[in-house]
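The structure appears right after this line, and notes come after that.
The values are calculated or read from the model by the stated rules, or taken from the named source; none is laboratory data. Predicted, not measured: the structure shown is a model, and the values here were computed from it. Methodologically, a virtual Cβ is constructed for each residue, glycine included, from the backbone with ideal geometry; neighbour enumeration extends over all protein chains shown. Calculation scope for accessible area: heavy atoms of the full protein, side chains included, ligands and nucleic acids excluded. Shrake-Rupley method; radii C 1.70, N 1.55, O 1.52, S 1.80 Å.
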Amino acid sequence: MKRKTRRLWLVIACVGALGGAAALTLSAFSSNIQLFMTPSQIDAKPPPADRTVRLGGMVVAGSVKQERKGDTPINRFEVTDGQSAVTVSFEGILPDLFREGQSVVAVGSMVPGGGFVASEVLAKHDETYMPKEVAEALQKSGKWDPKFGPPPNAASWNAMTQKEASAAVQGK
Amino acid sequence: MSPELGRFALSLACVFALAQTILPLIGAQRRDRRLMTLAPGLALGQLVALAASFLCLVNAAITNDFSVSNILENSAVAKPLLYKITGVWGNHEGSILLWAMILGICGAAVAAFGRNLPSALKARVLAVLGGVAAGFELFCLTTSDPFDRVWPAPLDGQGMNPLLQDPGLAFHPPILYTGYVGFAVPFAFAIAALIEGRVDAAWGRWVRPWAVAAWAFLTCGIALGSWWSYYVLGWGGYWFWDPVENASLIPWLSGTALMHSAVVVEKREALKIWTVLLAIGTFSFSLSGTFLVRSGILNSVHAFAQDPARGIFILGLLGLVIGGSLVLFAWRAPALTAGGLFAPVSREGALVLNNILLCSLCAVVLTGTMYPPFMSLLFGKTISVGKPFFDAATIPLAIPLFAFMGFGPMLPWKRAQLWPVLRRLWVAALITLVAFGINLWGLSGVLPVLCATFAVWVIASSATDIASRIALFRVPLSQSLQRARSLPRSAFGAALAHAGVGVTVLGLAAMSQAQHRIVEVHVGQTERLAGYDWTLTGVKTEPGPNYTAMVATIEIRHNGHIVTVMHPSKRSFNSQNQTTTEVSIHTNGLSDLYGVIGDRHGPAANPTYVLRLHYNPLAPWMWFGALIMAMGGALSLSDRRMRVGAPRRAPLPDAVAAE
């Protein structure tokens with residue numbers, strides 16, 4: 001085999017593999033990326049039912065309820081970013097670190113007429129830590145400025161305006 | 001006093017490391033024998049100083065010295081002794097110290113085992129290792145001092161996350177780190193070769209054992225981490241495609257490619273520049289992976305901002321190591337003589353294909369891991385990619401890799417004919433065809449069927465490879481055994497490692513068929529899953545040393561016969577307001593029955609309990625296969641050819657005087 005043919009084989013193999021990898025990556029990206037959304041974004045523009053999104057916020061204190069459908073347990077709780085709240089239902093065991101009034105990320109989709117149905121609930125963090133996404137969402141909604149200390153109690157958010165929130169935090 | 005002694009020893013190690021970098025480099029450049037022979041002694045001195053420093057920290061942890069802030073934050077009097085020791089590397093500062101010490105061990109190992117290395121190459125390799133070590137020791141001393149004191153010293157520490165108090169996690173970091181750090185040695189060889197401007201067959205032979213050893217450790221470390229998350233986190237999953245996990249998978253993929261391309265350098269003196277680049281890339285991935293993830297840059301800019309000095313130091317160090325070596329590569333690589341091109345159908349052709357596919361896989365995982373942080377950094381869009389993305393993007397690339405793995409090792413070097421090789425593989429092909437039929441019937445989904453089929457193909461063809469080399473069934477058995485004895489151990493090692501990949505992939509494919517149910521039941525109620533009857537017979541409360549546990553008793557029956565009784569529990573830790581889930585797993589080698597107990601609901605008189613029950617077919621095979629891969633690596637390392645009888649390198653013409 002000539003040198004040129006051998007080099008051609010090598011180039012074909014490289015281009016084939018890398019092109020295949022790039023095509024696979026792009027097609028997988030287009031269908032499998034999960035957007036992060038806050039409750040107010042979901043309220044404003046609910047995602048289509050076939051789209052998996054990550055909903056992040058704080059669990060409203062006192063909102064966690066356990067229900068039973070046949071032998072299947074269902075947890076319902078509200079997630080808020082201080083402006084609006086979304087009811088999440090999750091079939092399964094909530095993670096060990098799940099707490100009312102603490103941050104949570106729920107992976108799932110909006111079901112028409114059924115609220116947000118989560119397939120996975122992530123609460124990996126301890127009480128002082130807040131996932132970056134949640135912290136950003138809170139800051140964007142104006143409910144919390146990290147300059148003034150820890151975030152206010154999630155239970156009180158829906159009732160508070162921005163001014164009250166910062167006053168409450170500064171008063172601490 | 002001991003913490004100050006530890007800090008002093010660490011400073012001493014840093015001085016040794018700086019000397020180890022500068023003096024031998026000058027010596028190698030000037031061909032000054034005295035300066036070059038300093039390197040091994042300095043490397044040993046550095047290791048002794050690092051070990052002393054590490055022991056000081058361990059001592060502080062054992063004796064509950066809560067005046068050391070690192071011990072205060074991560075330990076407590078009530079913690080068991082084992083976790084006091086392993087807790088030393090369960091935090092940022094301690095893990096950097098452990099990292100530096102393993103790097104010191106690698107340097108000392110090169111100094112001790114590299115007796116047949118040419119003195120200039122050895123001096124340069126040790127100098128590069130010293131330079132990397134000096135960087136990390138400086139980082140440790142200036143930004144993350146493990147020996148920092150607090151005043152006044154409190155009576156008790158703050159304790160350790162109960163999730164981390166587990167034997168699997170205790171030994172996971174040292175093994176994983178040995179894998180990561182081990183790739184520093186091939187990296188040092190690559191840099192030394194670039195400075196020298198020379199890569200030849202002997203270089204390939206010297207690099208290979210280090211790459212194989214690091215790879216075997218990394219394999220074990222990844223498997224141990226995955227096993228830990230399977231039995232501790234209690235989600236029934238084993239791999240979450242989380243950035244921390246990907247950070248270990250990326251160097252594993254490129255390290256696997258490096259291990260194979262070094263063979264081509266050794267046997268055919270080709271792919272030299274590529275191998276040097278892979279060695280640089282693999283170590284850069286291990287370095288940036290661990291430190292970007294540990295420092296929190298990848299997951300959240302939040303943790304990074306807590307201590308800007310640390311982040312800037314890490315970025316600077318990474319930039320220096322990676323940028324510096326790439327600049328050196330760009331400058332010096334053209335000076336390396338390129339190897340010849342070769343026939344596509346040959347052993348080296350198959351190894352090139354292996355490299356192309358592994359690197360494509362590596363690129364896909366890297367893209368999937370880095371895309372979300374880039375998007376949030378550049379466009380402020382928060383997105384994430386998870387298992388669906390990685391499954392869709394990696395499995396179609398992995399399947400051709402498994403297909404070629406079957407006959408690649410059987411192709412002869414230089415020029416091969418495809419047909420005779422395929423003819424020798426007819427038994428393996430037949431077994432694979434039967435397996436395909438069984439898989440079609442037993443598994444659902446196209447990708448699991450293909451993966452399981454090619455996994456069988458890999459195992460069967462690895463066995464065929466050995467069988468045909470020892471002429472099994474073609475000559476009398478005694479003669480075959482004699483041939484087996486004279487067959488190099490690295491041939492067995494390679495076949496074993498390939499078979500290990502097959503075993504792991506079979507486990508992964510079968511796990512895609514795992515079944516689970518989440519139920520809420522009263523005591524005495526029976527649920528059915530995967531042909532088993534699971535009965536909750538009782539729940540009781542048991543006190544533990546620093547927690548209270550709710551322990552369930554679940555009886556599992558198959559066709560009326562009792563299979564096992566399992567006791568999953570949920571522990572509530574009094575001090576830290578934390579709960580942990582203790583999974584109960586019953587395995588018979590072919591499948592795992594996996595039970596988790598959740599919350600108690602309803603009235604106290606007649607409560608219900610949430611249970612999660614899993615049936616995980618072939619789950620243990622995933623980790624068992626990784627163990628087989630690592631054993632294959634160890635078997636290769638025990639091959640005499642890896643240690644002695646390396647081809648003597650012809651001395652450079654102008655080096656004769658100095659030699």
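Short-range pairs are left out: with C-alpha atoms under 8 Å and at least six residues apart, the relative contact order of chain B is 11 percent.
Accessible surface buried by the B/A pair amounts to about 4000 Å², both sides summed, 1.4 Å probe. When the listed pairs A:65/B:540; A:69/B:540; B:272/B:387 are checked against a 30 Å cut-off, the alpha-carbon distance exceeds it for B:272/B:387.
Of the whole protein surface, residue A:8 contributes about 100 Å² of accessible area at a 1.4 Å probe radius.
All C-alpha pair distances within the stretch B:1-160, sorted into 10 Å bins from zero, spread as 12, 38, 26, 15, 8, 1 percent across the bins. When nucleic acids and ligands are ignored and a 1.4 Å probe is applied, residue A:50 ends up with an accessible area of around 130 Å².
Taken as Cα centroids, the stretch B:453-476 and the stretch A:36-69 sit 55 Å apart, rounded to the nearest whole angstrom. These residues, B:425, A:10, go from largest to smallest accessible area, 1.4 Å probe, as A:10, B:425. The translational diffusion coefficient of chain B, from Stokes-Einstein at 37 °C and 0.692 mPa s with a Kirkwood hydrodynamic radius over alpha carbon pairs, comes to 121 µm²/s. Put simply, the C-alpha atoms of the stretch B:120-266 give a gyration tensor, and the ellipsoid matching it has half-axes of 35, 24, 10 Å, longest first. Under 19 Å between alpha carbons, and skipping anything fewer than 8 positions from residue B:79 in its own chain: which aspartates and glutamates qualify? Once the sequence-local aspartates and glutamates are set aside, what remains near residue B:79 is B:65, B:156, B:166, B:582. Applying the Karplus relation 6.51 cos²θ - 1.76 cosθ + 1.60 with θ = phi - 60° to the stretch B:348-365 yields 3J(HN,Hα) values of 5, x, 5, 5, 5, 4, 4, 5, 4, 5, 5, 6, 5, 4, 4, 5, 5, 5 Hz, where x marks Gly and Pro. Considered as an equivalent ellipsoid built on the Cα gyration tensor, the stretch B:515-620 has semi-axes of 24, 17, 11 Å, the largest given first. Averaged over peptide B:378-388, the number of partner chain Cβ atoms lying within 10 Å of each residue's Cβ comes to 5. Counting only DSSP beta bridges whose two residues both lie in the protein assembly as shown, roughly 95 percent are antiparallel.
If the chain linking residue B:375 and residue B:479 were pulled fully straight, counting 0.36 nm for each residue of separation and taking away their Cα-Cα distance, it would gain 31.2 nm. Computed with a 1.4 Å probe on the full set of protein chains, the accessible area for residue B:561 sits at about 130 Å². Pair-distance distribution P(r) for the protein assembly as shown, from all Cα-Cα distances in 10 Å bins starting at 0: 2, 11, 20, 24, 21, 14, 6, 2, 0, 0 percent.
The value obtained for the stretch B:162-379, namely the Cα convex hull volume divided by the number of residues, is 141 Å³ per residue. One chain, two ends: residue B:634 and residue B:417. Fully extended at 0.36 nm per residue, the span grows by 75.0 nm beyond their Cα-Cα distance. Less than 5 angstrom separates the built amide H of residue B:618 from those of B:591, B:592, all sequence-distant by 5 or more or on a different chain. Take the stretch B:162-379 with all the other protein chains still there, run a 1.4 Å probe, and you get 32 Å² of accessible area per residue.
For the pair residue B:345 and residue B:387, label points projected 7 Å from Cα toward Cβ lie 4.2 nm apart. Take the Cα of residue B:525, step 7 Å toward its Cβ, do the same at residue B:430, and the gap between the two points is 5.3 nm. By the rule of a C-alpha distance below 20 Å, with chain neighbours fewer than 8 residues away ignored, the aspartates and glutamates paired with residue B:414 are B:200, B:266, B:269, B:348, B:465. First compute the accessible area of the protein assembly as shown with a 1.4 Å probe, then give the percent of it belonging to carbon and sulfur atoms. Ligands and nucleic acids excluded, carbon and sulfur reach 64 percent. When every Cα-Cα distance of the stretch A:63-102 is counted in 5 angstrom steps from zero, the calculated P(r) takes the values 6, 21, 30, 24, 12, 6, 1, 0 percent.
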